[in-house]
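Below is one structure; the comments refer to it alone.
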Amino acid sequence: NPAVKENIILRCNVVSAIRAGMTAEGFLEITTPILTSSSPEGARDYLVPARNHPGKFYALPQAPQQFKQLLMTAGFDRYFQIAPCFRDEDARADRSPGEFYQLDMEMAFATQDDVFAVIEKVFPPIFTKYGKYSTASTAPFRRISYNEAMEKYGSDKPDLRIDLTVEDITEEVTGCGFGPFEGAVVKAVVVHDFTQTRKQIDKLCADAEVASGGNKAFWFRLDGNGELVGGISKFLGEKKEALVAKLGLKPNSFVAVSAGKKSAAQKTAGVLRKLLGASVPGHMDQERYEFCWIVDFPMYEIGEESGQLEFCHNPFSMPQGGMQALEEKDPLEIYAYQYDLVCNGVELSSGAVRNHVPEIMVKAFSLVGLGEEDVKAKFPAMYNAFTYGAPPHAGIAPGVDRMVMLLAGEDSIREIIPFPMNKNAQDLMMGAPSQVEQKQLEDVHIQIKL
């Protein structure tokens, strides 16, 4: 297949350019172990039975996180590798099941700004030279706080090629009599000079409901005579002036609306923004790569399944405010020195300034119910190294597969991987995963129980 062959050649050239760019910035390429120990990184581990140690298992690394932080304590100031990572996760359009590659990097004596400066220097030339689109953001990339991204774009990975934004109209529609708005947060996305048909509007709402996980979308319009019509307009007659003023409505403006708990309303509005940007001409400059940094992530959140306090993202992140914040602030109000790199609505990477102080690390884990002994048991090498003193360090790990997918202009990550698995994490060509012989199971002390 010539198209697939071109993508594989592209991947080769991009990886070569990454290596050259990182080496030019003074980074050393160091490989880290593939057989390691199980660690609570957030996804399921792939386990490997240890033949010489009955009942014990290696784990394939979800990321080289602890190894690269140990390299910082050992005096390697700038490390990188094109690292294979293994996570037992389900497939998505932008995520390959089982394994993927990332540009893993770490810097000692570094701040968030130092990491940003390296990425902003290495990436734009690669995207400009090898990308399907010849225009890419130049340094400095735009920085958007997590809270602003959710409020303004309805997503923590906003596609900044779309010029539409999300507005909060909760106050303006309070008491309008429309059931789904009662006690809910209400968000709106406005498109002026709207000419789409009722059939297209119905499809928009149906697609948004599916993409947002079942949260309904609503709509109304301001017609050519300046009257509210269609959708839920009959409930909004008394709210017309307030809505026109808040949303800057003009004749033939269309308003897509979401409602529900804050997170659900934001997510649905973000889906509506994306669908409208892609379907209504003039609102999306598609022929470019638009980067941004999402910063100031919450350190903690209440888990949807557990109902308990959990780390929002990387547990190794340094809390903003250090020990004082952990001791004095409401945990849900603590932000982390944590950041995501986003391009065209695709999250390329997460990174953070690391928590390198043992006392702060123990305190951070204690808030989610893990004591000092738990930290020592789960991260023995790193904790021990840090007790001898570690330099402040920070890093990031952009996904190589996602990067090449964007450069090739593909919608699915499968199109740029030489031997992709199917959505069930099966390699049908090689017949993996497969059954093995009883002797092999006995060698590693494994008994199958289905």
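The values are calculated or read from the model by the stated rules, or taken from the named source; none is laboratory data. Computed from a prediction, not measured in an experiment: that's the story for all the values here. All Cβ positions, glycine included, derive from the backbone under ideal geometry; neighbour counts span all protein chains shown. Just the protein is used for accessible areas: all its heavy atoms, side chains included, with ligands, DNA and RNA removed. Shrake-Rupley method; radii C 1.70, N 1.55, O 1.52, S 1.80 Å.
Listing for the model above:
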read-out: Most positive-pole-ward Cα, 141, 86, 420, against dipole of the chain from beta carbon charges; value: 420
read-out: Tensor-based shape of the stretch 94-246 (alpha-carbon gyration tensor, a/c under 1.5 rounded, otherwise prolate or oblate); value: prolate
read-out: DSSP loop trypsin sites (Lys or Arg not before Pro) with at most 14 other Cβ within 10 Å excluded, longest remaining stretch of the chain; value: 262-422
read-out: Mean residue ellipticity (222 nm) of the chain, computed from DSSP H runs ≥ 4 via -39,500 (n - 2.57), nearest 500; value: -10000 deg cm²/dmol
read-out: The chain: angle of helix 262-279 to the longest principal axis, Cα-based, in degrees nearest 10; value: 80
read-out: In nm, spacing of pseudo-spin labels at residue 287 and residue 47 (7 Å Cα→C-beta vector); value: 5.4
read-out: Gain on full stretching of the segment that runs from residue 372 to residue 384 - 0.36 nm per residue minus C-alpha separation; value: 3.1 nm
read-out: Given charges at beta-carbon only (K, R positive; D, E negative), |dipole| of the chain in Debye; value: 920
read-out: Given charges at beta-carbon only (K, R positive; D, E negative), |dipole| of the stretch 1-154 in Debye; value: 380
read-out: Length-normalised contact order of the chain in % [C-alpha pairs under 8 Å, at least 6 apart]; value: 20
read-out: Within the accessible area of the chain (1.4 Å probe), percent carbon and sulfur; value: 51
read-out: 10 Å Cβ shell holding at most 12 others, DSSP loop, GluC sites (Glu not before Pro): longest site-free stretch of the chain; value: 1-181
read-out: Per residue value of the accessible surface for the chain (all protein chains in place, 1.4 Å probe), Å²; value: 50
read-out: Hits among lysines - C-alpha to C-alpha of residue 129 under 23 Å, sequence gap 8 or more where chains match; value: 5, 121
read-out: Degrees, to the nearest 10: 2-24 long Cα axis against longest axis of the chain; value: 70
read-out: Over the stretch 1-126, relative contact order from alpha-carbon pairs under 8 Å, at least 6 apart, %; value: 23
read-out: In Å, descending, principal axis extents of the Cα set of the stretch 301-390; value: 42, 29, 24
read-out: Cα-based shape type of the stretch 35-128, given that a ≥ b ≥ c are square roots of the gyration tensor eigenvalues and the cut on a/c is 1.5; value: oblate
